[in-house]
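Worksheet: one structure, shown below.
The values are calculated or read from the model by the stated rules, or taken from the named source; none is laboratory data. Small disclaimer: the values here were computed from a predicted structure and weren't measured. Here the Cβ positions follow ideal geometry from the backbone for every residue, glycine too, while neighbour counts run over all protein chains shown.
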Amino acid sequence: MTHDKKVQQLEERIIKLENEVSRLSGLLQSVDTKTTVKEEDRGTELTKTHSKKQKPKKEVDYEKLIGQVWMPRIFIVVLLMGVLWGFKALIDVGFINEFVRVLLGYVAAVFLIWTGARQFRHKRHALGQVLMGGAIVVLILSTFAGNALYGLIPGFLAFTLNVIWVLAGMYAAHTYSSQSIAVLASIAGFFVPFLVEGTSPNVYLFVGYEIFFFLGLLFFSFIKKYITLYFVSTFLLHLTFVAFMVITGFGSELIVAGVITQHLFLLLALLLRNAFFDQQKVTLLTSFVLTHIWVVSTGHVDQTVFLIVAFIGYCVVSYIRRQTEHVHIFLPIATYSLAMLLADLFSYDHLSVFLLLQGMAAIYMGLYTRGKLQTIFGFVILFFGAAIAILTPIERVASYETISWLVLIGSLFGLRVILNSFHSVYEKSFNRQAMMTFLFGSKSVLLLIFITQLGMAATTEFSFTVQNVTVSTLWACYAIFGVVLGVVKDRKNIRLLGIVLLFLTLLKVIFVDIEAISIVVRALLFISLGTIGVAISRFFYKK
C-alpha cells in the first residue's frame with residue numbers, strides 16, 4: 001500500500017468520524033431541548049396550579065344580595081298590602097266607589113311601570129323587575145275586579161284587556177331582557193280565561209287561545225334563550241287544561257287534541273332549533289309521558305292507535321336523525337311507546353316474553369348508538385319482564401310460563417354476549433367484572449329455581465316424597481353438569497358452582513327429604529350422592 005493511499009484512507013475515516021460526531025451532537029442537543037421544554041412546561045403547569053390554588057374564593061356579598069335582590073321583592077308585597085288595606089279603609093268610609101277603585105288600580109299600575117322604567121335606566125335591574133312585574137299583576141287584578149266583582153267591564157273587553165296586559169309584560173321582558181317578567185306574564189297569560197266572567201265557557205276558544213299563547217311563549221323562549229320560561233310555558237299548559245276540566249267538567253276530547261298538538265310542536269322545535277338541547281330532550285320525553293296519561297285517562301283517543309302511530313313515527317325520525325344527538329331521545333320515546341303498546345295488547349300472564357325480548361333489543365340499540373337513556377330504558381323493561389316471569393309460577397311443564405322462564409334465562413345469556421360485544425362503550429361507567437359476576441350469579445340462581453319448578457310441576461300428581469326426590473335428583477344433575485362444564489371450559493367459577501350445588505343438594509336431603517322418605521330410598525339417595533361426590537372429586541385430581 002503506497003503512502004498516498006494510506007493518507008487517503010485516513011482522510012476518509014476522519015470525515016466519517018466528523019459526521020458521526022455532528023450527528024451525536026445534534027441528538028444530544030435535541031434531547032436537552034426537549035428536557036428544557038418539559039421542565040418549562042412543568043414549571044408553567046405548577047405555576048398555573050399554584051395560581052389556581054391561590055385564587056381566592058368569591059365571597060358572597062350578603063348586603064348586595066339582601067338589599068338589591070330580596071328587599072325589593074319582599075317590600076313590594078308589603079306595599080301592595082298597605083295599598084289594599086288603605087283602599088279597604090277608604091271604601092268602608094264611603095270615599096271610593098267601584099268605578100274609582102278600578103281606575104285607581106290602573107293609575108297605580110301606570111305609576112309602577114314608570115317607576116320600574118326609571119330603575120332600569122339607573123341600572124337597578126332587580127328593583128325594576130319587581131316593579132314591572134307588580135304592574136302587570138295590578139293591571140290584571142284591576143281588570144278582574146272591574147269584570148267579575150263590579151260588572152263594569154264586559155267579558156269580551158276584559159279578556160281583550162288582559163291579553164294586552166300580558167303582551168305588554170312580554171314586551172317589557174324583551175325590552176329589559178328580563179326572564180322574571182316574562183315568567184310572571186306567562187303565568188298570568190295562561191290563567192286569563194279563568195279571570196273573565198260574563199261569558200259561557202267555550203272549549204274551542206279556550207284550547208285555541210292556550211295553544212297559541214304557548215306557541216308564542218315557545219318562540220319567545222327560543223329567541224331569548226329563556227330556559228325557565230320554556231319549562232314554565234310547557235307544564236303550565238297541562239295545569240290550565242286540568243283546571244278547566246275540573247271547573248267546567250267537559251271538553252276533554254279537545255283538550256287531548258291540544259295536548260297532542262303541544263307535543264308535536266315540541267318535537268318540531270327540537271328538530272328545527274336546538275336552543276338548549278338537554279332541556280328540550282327532557283321536556284320532550286316528559287311531554288310524551290304526560291300526553292300518554294291524558295290519552296289513557298280521558299279515553300277519547302284510542303290508546304292502541306296512539307301508541308302505534310307514536311312508535312312508528314319516532315322510529316322513522318330516529319332513523320332519519322341516526323347520525324345526530326336526536327337519536328338519543330327519539331329512540332327512548334319509541335321504546336316507551338312499544339312497551340306501553342305491548343302492555344295494552346297482551347295480558348299480564350303473556351306479557352313477560354315480549355318485554356324480555358324488547359328489553360334485549362333496547363339494550364342492544366342503546367349500546368350501539370351509545371345512548372345512556374336508551375340503555376337504561378332497556379334494562380328497566382328487561383327488569384319488568386323478568387319480574388313478571390319470576391312472579392308467575394310454573395304449574396304445568398308444557399305451559400306459557402315455562403316458555404317465559406326459558407326466554408328469561410336465554411335473555412341473560414344473550415345479555416352477556418351483548419355486553420361483551422360492547423364492553424368498550426360502558427367500561428368507563430361500569431365495572432365489567434362485577435357486572436359479569438352478577439350475571440353469572442343471576443343465571444345460576446334462576447336455573448336452580450327453574451329446574452325446581454319443573455320438577456315440582458312434573459310430579460304434581462305424585463306424593464310429597466316423589467316430588468322431593470325428583471327435585472334433589474335434578475339438583476344433583478345440575479351440579480354434575482356444572483362441574484363437567486367447568487372442567488371442559490376450564491372455568492373455575494362454574495366448577496365452584498357445581499360443588500356448591502352438590503353440597504346444597506346434600507343439605508336438602510339431610511334436613512328436608514330424610515324425614516319423609518323410606519330407609520330404602522334414603523340409602524339410594526346417599527349412595528348416589530356419595531358416588532357423585534367421589535366421582536366429581538376425581539376431576540380435580542386430574543386437573
Checked the stretch 189-210 for anything surrounded by 21 or more Cβ atoms within 10 Å (Cβ to Cβ) and either of a type in the set (A, V, I, L, M) or free of Cβ contacts under 8 Å to residues at least 24 places away in the same chain (or both); matches are 192, 196, 207
Exception for residue 491 within (1) of a type in the set (D, E, K, R); (2) buried (at least 18 other Cβ atoms within 10 Å of the Cβ); (3) over 27 Å from residue 524 (Cβ atoms) falls at (2)
Condition check: of a type in the set (Val, Ile, Thr), part of a helix (DSSP H, G or I) and in contact with a Lys or Arg (Cβ under 7 Å, 6 or more places away or on another chain). Does residue 102 satisfy that? no
(1) closer than 21 Å to residue 75 by Cα; (2) in contact (Cβ under 8 Å) with a residue 24 or more places away in the chain; (3) not in a helix (DSSP H, G or I) all hold for residue 151 apart from (1)
Taking the stretch 448-483 and the residues there that are assigned to a loop (DSSP other than H, G, I, E, B) and not hydrophobic (A, V, I, L, M, F, W, C), the one that is modelled with the lowest pLDDT would be 463
Residue count, the stretch 289-312, condition without any contact (Cβ under 8 Å) to a residue 12 or more places away in the chain and among the β-branched types (Val, Ile, Thr), comes to 5
- Query: Any residue at all in the stretch 249-267 that is more than 20 Å from residue 213 (Cα to Cα) and assigned to a helix (DSSP H, G or I)?
  - Reply: no
Query raised in the report: Looking at the stretch 257-269, is at least one residue β-branched (Val, Ile, Thr) and either within 30 Å of residue 419 (Cβ to Cβ) or touching a residue at least 60 places away in the same chain (Cβ under 8 Å) (or both)?
Result: no
If you go through 441, 482, the only one that is outside the structural domain of residue 413 (by TED's automatic domain parsing) and either surrounded by 12 or more Cβ atoms within 10 Å (Cβ to Cβ) or of a type outside the set (Lys, Arg) (or both) is 482
